[in-house]
2 protein chains.
Amino acid sequence: METTQPSGILAPALTAFTKQLEIDGERTVAHFQWLLKQGCDALVVFGTTSEANSLSVTERTRFLEYAISNGIDPRKLLPGTGCCSLADSVLLSKHAIGLNSPGVLMLPPFYYKAVSDEGLFRYFATLIERVGDDRLRIYLYHIPPVSQVAIGFDLIERLTVEFPGVVIGIKDSSGDWEHTRQLIDRFAPAGFRVFPGSELHLLPALRAGGKGCISAFANINPALLQKVFQNCQRPEAVSLQQEVERQGRALRKYPVIPALKAVLAESRQDPAWENIRPPLVELSAAQREALFGELGAATQ
Amino acid sequence: METTQPSGILAPALTAFTKQLEIDGERTVAHFQWLLKQGCDALVVFGTTSEANSLSVTERTRFLEYAISNGIDPRKLLPGTGCCSLADSVLLSKHAIGLNSPGVLMLPPFYYKAVSDEGLFRYFATLIERVGDDRLRIYLYHIPPVSQVAIGFDLIERLTVEFPGVVIGIKDSSGDWEHTRQLIDRFAPAGFRVFPGSELHLLPALRAGGKGCISAFANINPALLQKVFQNCQRPEAVSLQQEVERQGRALRKYPVIPALKAVLAESRQDPAWENIRPPLVELSAAQREALFGELGAATQ
């Protein structure tokens, strides 16, 4: 049986921490439930926005088990599992698939820079062999502004040809609409599932043949993104998308992860949401105030 | 009792892998023994050159224990312990110090980019608190060409003022002599231990007040570097350093880690030394041949 693959609005879900900077399972799962109720079609647990790379492998496996045992449907979770170490990526991917996640979002190994496509191909090929599970579905995670290691078109071509039905999609966090459009044009006709990593490109991506978006912004206003998704072929989608852009651009003036946490802390009157693992730091009081002013009453 | 801190020639020691890409403990330890016998004063196990970030935390702790139980003196080891995740860095640092290593080499968390000094300071401060061991000595690892996260002068100032006797040195792999010189001028007078990450700067660093070098090149010709170190105040050091530069520049025309592995494989007639974890790949036959020609008979 083929697992249903997620489409629509995916949130790379924020992780809540206790004051001692341990994962706050209860707060995080409550956020997951809110996101799903407010209109997220699925959640990327352990994305960049989740501070996944600030978590250990054990913290990741334990929290995923905790979330599922606390009522989060694993079929709605696309865990991020790409690490610098192949051994870690294999372990996390096996674990996620074993818990019935429909797929995993896979960063390239990101420590070494200027690596070759051959090296990246071997990384993914070895991973697929070692996971050794027919249920494995991989979404590539292209986020060069952060990872500094790109997943180029030639590599995607080689991976999709070599591993059809396994390498099935991409989150494009290049931030460059032209790049996303080219990905859709070239790979979507064969069924490759393209999700821009920015809500700014949600409507154009949907109209061009993308599957939705996986956007940090979904953590604070998934309902608005879901409206764009539902109405994407209707004329009113344009003004909805304009409101997405207005809010998205306001958010982007600040470091995005602390800014999202500040919005949650404010909207839920729950300062614990601002806890963040170093090297990230919370917004200053001045930044918070300015951000709330710019986002305005439209959020929540 | 204060542990003696290493000076002189330190090799960020290569890691050997089996054909199945597991750590080849026996070959790696034999290499460590050769390095120490040939003139290395100490070894950085789990540096960039060691492919440390391609290893899991468990692989790192197990191998360190294996090396020590197979006769490598822990007081000659400076393990790299900096990871993206604070929890991993704490675990590895505690483990290394517990095994009597004189110190650890600490990358900044390297996933998130454009992070603040405040965030990096909190990372190191929290680490020191959580390791909670008076024996902890930290060498900062500044390698912006790879990590893309720098450890700047203000941060070093703050760390050395806040944690005197704990944050005691730096490996400067900026590749920029002017940067190394400024580090020495500013921090060495107070006892801060500066090691350039490049053999190209060994002699100038020693003459300016640096403590030696931690250079990948030491994996193939530690004896030559040791001669420079021993003779650094004598006139003949200049021509020795020129030969270091000749060989070092030849090596740098190729991806350094595969190039070093190719040289070991050739000089030991042991092709297994070329095994390398993705995303890195071995040199092509043409690259190998050209490299050996350029290095010439001088090596080994």
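A straight chain from residue B:34 to residue B:113 at 0.36 nm per residue would run longer than the Cα-Cα distance by 24.6 nm. Once backbone amide H atoms are built at 1.01 Å from N, residue B:137 has B:104 as its partners under 5 Å, excluding neighbours fewer than 5 places away on the same chain. Its alpha carbons considered, segment A:4-84 gives a radius of gyration followed by a Dmax of 11.8, 38 Å.
Any idea what the residue B:26 label distances to the other copies are, label 7 Å down the Cα→Cβ vector, nm, shortest first? For residue B:26, the inter-copy label distances come out at 5.4 nm.
If the elastic network links every pair of Cα atoms under 10 Å, which of B:70, B:275, B:53 fluctuates the most in the Gaussian network model of chain B? Among B:70, B:275, B:53, the largest GNM mean-square fluctuation belongs to B:70.
Plainly put, the protein assembly as shown has a radius of gyration that is 0.99 times its Kirkwood radius, both from alpha-carbon atoms, as the Rg/Rh ratio.
Modelled this way, with points 7 Å down the Cα-to-C-beta line, the labels at residue A:190 and residue B:239 are 6.1 nm from one another.
The simple Förster model, with R0 at 30 Å and r as the Cβ-Cβ distance, assigns residue A:177 and residue A:230 a FRET efficiency of 0.90. Ranking B:119, B:146, B:156 by how far each Cα lies toward the positive end of the dipole of segment B:105-216 (charges on Cβ) leaves B:146 at the top. Averaged over the residues of A:112-118, the number of partner chain Cβ atoms lying within 10 Å of the residue Cβ comes to 5. Residue order for B:116, B:54, fewest other beta carbons within 10 angstrom first, comes to B:116, B:54. Take every Cα pair under 8 Å whose residues are at least 6 apart in sequence, average their separation, divide by the length of segment A:138-256, and the relative contact order is 18 percent. For segment B:85-174, the convex hull drawn through the C-alpha positions has a volume of 86 cubic angstrom per residue. Working ranking of peptides A:8-14, B:88-94, B:159-165 by packing, defined as the average number of other Cβ atoms within 10 Å per residue, highest first, is A:8-14, B:88-94, B:159-165. The rotation axis taking chain B to chain A passes closest to the C-beta of one chain B residue; that residue and the distance in whole Å read B:148, 3. Students often get this wrong, so check it: of A:19/A:253; A:113/B:113; A:211/A:261, which have C-alpha atoms separated by over 23 Å? The answer is A:19/A:253; A:211/A:261.
Estimated translational diffusion coefficient (Stokes-Einstein, Kirkwood radius over Cα pairs, 37 °C, 0.692 mPa s) of segment B:1-46: 282 µm² per second. For segment A:49-130, the relative contact order is 28 percent, taking Cα pairs closer than 8 Å that sit 6 or more residues apart in sequence and dividing their mean separation by the residue count. Computed over the Cα atoms of segment A:164-238, the ratio of the radius of gyration to the Kirkwood radius (Rg/Rh) comes to 0.97. Looking at segment B:141-300, the pairs of alpha carbons with a distance over 23 Å make up 44% of the total.
Measuring nothing but how far apart in sequence close Cα pairs (under 8 Å, 6+ apart) lie, relative to its length, chain B scores a relative contact order of 18 percent.
In chain A, if every C-alpha pair distance is counted and binned at 20 Å from zero, what percent goes to each bin? P(r) over chain A, rounded to whole percents: 36, 60, 5.
When its C-alpha radius of gyration is set against 2.2 N^0.38 Å (N residues), segment B:60-217 gives a value of 1.00.
Values in this text are rule-based calculations from the coordinates and carry no lab data. Everything quoted here is computed from the prediction, not taken from an experiment. Glycine gets a Cβ as well: all are built from the backbone with ideal geometry, and neighbour counts include every protein chain shown.
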